[in-house]
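The values are calculated or read from the model by the stated rules, or taken from the named source; none is laboratory data. Just so it is clear, the model here is predicted, and its values are computed rather than measured. Reconstructed Cβ throughout: ideal geometry from the backbone, glycine too, with neighbour counts over all protein chains shown.
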Amino acid sequence: MAEKHRESESLVRIGKLLESKRKSLGKQYKSREQFINKRSDELFRSEDWISLRHLYNIEHGKNWVSIEKLIILADALEEDPLDLFDEIVGIYRSSSS
């Protein structure tokens, strides 16, 4: 029998943080698809930078975000990458205690 995947509390909290930062950019970024498409046009010369599925999985605590994607995502969220990383580390440490 397959073991049910247990969600990581820290990943879920990190995902909620990232989702709230995305939504705080304004109503034009409320949906993930709009956020990806608008930011692609505005910041990344219309190049693909993240898939809808990957962003969904990050925001729902199903995937860790790589350092490379974190830097790109920080730019898209209009956040300093170091400040965002510091917030993520804080969440991770408080969840692991």
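Contact map, the stretch 41-54: residues that are small (Gly, Ala, Ser) paired with residues that are surrounded by 11 or more Cβ atoms within 10 Å (Cβ to Cβ) and assigned to a helix (DSSP H, G or I), Cβ distance under 6 Å, separation 6+ or inter-chain. Pairs shown: 46/40.
So that you can scan it fast, the table gives a plain yes or no per residue for (1) within 13 Å of the chain's Cα centre (by Cα); (2) among the small types (Gly, Ala, Ser):
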{"site": "11", "(1), (2)": "yes, no"}
{"site": "16", "(1), (2)": "yes, no"}
{"site": "32", "(1), (2)": "yes, no"}
{"site": "40", "(1), (2)": "no, yes"}
{"site": "43", "(1), (2)": "no, no"}
{"site": "51", "(1), (2)": "yes, yes"}
{"site": "61", "(1), (2)": "yes, yes"}
{"site": "66", "(1), (2)": "yes, yes"}
{"site": "69", "(1), (2)": "yes, no"}
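Here is a yes/no grid of residues against (1) under 21 Å from residue 27 (Cα atoms); (2) touching a Gly at 6+ places or on another chain (Cβ under 8 Å); (3) β-branched (Val, Ile, Thr); (4) at pLDDT below 95:
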{"residue": "39", "(1), (2), (3), (4)": "yes, no, no, no"}
{"residue": "60", "(1), (2), (3), (4)": "yes, yes, no, no"}
{"residue": "87", "(1), (2), (3), (4)": "no, no, no, no"}
{"residue": "95", "(1), (2), (3), (4)": "no, no, no, yes"}
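The residues in the stretch 16-37 that are of a type in the set (Lys, Arg) and surrounded by 16 or more Cβ atoms within 10 Å (Cβ to Cβ) can be counted, and the count is 3.
Taken over the stretch 47-93, residues that are surrounded by 13 or more Cβ atoms within 10 Å (Cβ to Cβ), among the aliphatic types (A, V, I, L, M) and assigned to a helix (DSSP H, G or I) amount to 12. Looking at the stretch 3-15, which of the residues that are under 9 Å from residue 60 (Cβ atoms) and surrounded by fewer than 18 Cβ atoms within 10 Å (Cβ to Cβ) is modelled with the highest pLDDT? Going through the qualifying residues, I end up with 12. Checking each residue in the stretch 72-97 for being over 15 Å from residue 15 (Cα atoms) and of a type in the set (Val, Ile, Thr) picks out only 72.
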